[in-house]
Amino acid sequence: MTPSDVSVEPTGVGRWIDSHCHLQDTYRPDDVDALRAVSEAADAGVVGLVCVGTDAHTSRQAVDLVDQVRTAARSGQAAVPAGFGAWATVGLHPHDASKGLGEVEKVLLEAVGRAPGVVVAVGECGLDYHYDHSPRPVQREMFAAQVDLARRSGLTLVVHTRDAWDDALDILRSGPRPERIVLHCFTGGPEQARRCLELDAFLSFSGIVTFKSADDVRAAAALCPIDRLLVETDAPFLAPVPHRGESNRPALVSVVGEAVAAVKSMNAEDLAASSMAATRRAFALP
């Protein structure tokens, strides 16, 4: 396990899926074209991405973006390779829990009815006690509601948790839960990883795994079984070393993946294959 920054460049080695990014208009920098970002990702060995909603507006944007990418891939546009995979999630982030779930549920129903197979998860949702942008009781109420929504819809649940492990895991354990749960941008250590794995959850690792201060996260990645381990960018946030300070992008998921491979003493191509297989299981992708 590496005790300091893991610094690698994208090589295009392997075939990666970015299991969590925000490529929709609200989050994407003004000078970045979505289809160009997909093309760049494909050149770096990425074969698919999951675009994640955080409220009704960005969830609708995620669905529309996936439609755009799929149309481009089918039409043979040079920017998007044929067969490039794109999927969306619909959810309410804990920062926005005070907005309520009504509009998000409408977006989900509309998207599922209009384009089956586009939406693969509810989330990201969960608890964030670091910023407390919404009152904690409201966060817990909205998280529990989305746990139930994912279960009733037969969709994966994508979970965000920060400084709230006990409450988040208590909610997940408190009643019926979805068959598939992804702990996105995993920031815990080995103890939290074991508790999540006991729930049969998947752990998704971001560029944080390359940060000098993230020994606990690297330890969690080291112990996570490869059939439960995903990689993500969380673009445009959390660009990995040596790209810190830049706007993150799906092309850099290969950097994250290669850093995780180094932590696990694995060949990068093998980690690419295992993480892609785990992502397909986590989101029930075709």
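The values are calculated or read from the model by the stated rules, or taken from the named source; none is laboratory data. Note that this is a predicted model, so its numbers are computed, not measured. Virtual Cβ from ideal backbone geometry, glycine too; neighbours counted across all protein chains shown.
Side notes on the structure shown:
- Here the condition is being touching a residue at least 40 places away in the same chain (Cβ under 8 Å) and touching a strand residue (DSSP E or B) at 6+ places or on another chain (Cβ under 8 Å); of Val66, Val147, Val138, Val80, it holds for Val66 alone.
Results for (1) more than 20 Å from Val66 (Cα to Cα); (2) in contact with a Lys or Arg (Cβ under 8 Å, 6 or more places away or on another chain); (3) of a type in the set (Asp, Glu); (4) in a strand (DSSP E or B), shown as yes or no for each residue.
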site	(1), (2), (3), (4)
Ala88	no, no, no, yes
His95	yes, no, no, no
Ser98	yes, no, no, no
Val104	no, no, no, no
Leu108	no, no, no, no
Val112	no, no, no, no
Gly117	no, no, no, no
Gly123	no, no, no, yes
His130	yes, yes, no, no
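- Single unsatisfied condition, Gly245 versus (1) over 22 Å from Val159 (Cα atoms); (2) modelled with pLDDT of 95 or more: (2)
- Yes/no for Ser134 being modelled with pLDDT of 95 or more, in contact with a His (Cβ under 6 Å, 6 or more places away or on another chain) and of a type in the set (Ser, Thr, Tyr): no
- Among the criteria (1) part of a loop (DSSP other than H, G, I, E, B); (2) charged (D, E, K, R); (3) over 30 Å from Asp31 (Cα atoms), the one Asp216 does not fulfil is (1).
- Within the stretch 204-219, the presence of a residue that is farther than 23 Å from Arg194 by Cα, buried (at least 24 other Cβ atoms within 10 Å of the Cβ) and in contact (Cβ under 8 Å) with a residue 24 or more places away in the chain is excluded.
- All positions within the stretch 47-64 that are of a type in the set (A, V, I, L, M), closer than 20 Å to Leu252 by Cα and buried (at least 23 other Cβ atoms within 10 Å of the Cβ): Leu49, Val50, Val52, Ala62
- Residues in the stretch 225-243 that are among the hydrophobic types (A, V, I, L, M, F, W, C) and assigned to a loop (DSSP other than H, G, I, E, B): Ala235, Phe237, Leu238, Ala239, Val241.
- Any hit, the stretch 75-89, residues being among the small types (Gly, Ala, Ser), modelled with pLDDT of 90 or more, within 25 Å of Val260 (Cβ to Cβ) and touching a Pro at 6+ places or on another chain (Cβ under 6 Å): no
- Number of the condition not met by Ala222 [criteria: (1) closer than 24 Å to His93 by Cα; (2) part of a helix (DSSP H, G or I)]: (1)
- Among the residues making up the stretch 244-267, those that are closer than 23 Å to Cys51 by Cβ and assigned to a helix (DSSP H, G or I) are Pro250, Ala251, Leu252, Val253, Ser254, Val255, Val256, Gly257, Glu258, Ala259, Val260.
- Some residue of the stretch 90-107 being over 24 Å from Ala37 (Cβ atoms), in contact with an Asp or Glu (Cβ under 7 Å, 6 or more places away or on another chain) and in contact (Cβ under 8 Å) with a residue 60 or more places away in the chain: yes
- Qualifying residue in the stretch 268-281 (condition: under 19 Å from the mean Cα position of the chain (by Cα), closer than 21 Å to Val159 by Cβ and assigned to a loop (DSSP other than H, G, I, E, B)): no
- Remark: Leu199 matches the filter, which requires a residue to be surrounded by fewer than 16 Cβ atoms within 10 Å (Cβ to Cβ) and under 23 Å from Ala277 (Cα atoms).
- First in the stretch 257-286 and at negative phi and in contact (Cβ under 8 Å) with a residue 12 or more places away in the chain, second anywhere and surrounded by 24 or more Cβ atoms within 10 Å (Cβ to Cβ) and of a type in the set (Asp, Glu), Cβ under 8 Å, 6 or more apart: Ala268/Glu258; Leu271/Glu258
- Filtered residue count, the stretch 43-66, keeping only those that are assigned to a helix (DSSP H, G or I), of a type outside the set (Ser, Thr, Tyr) and at pLDDT 95 or above: 9
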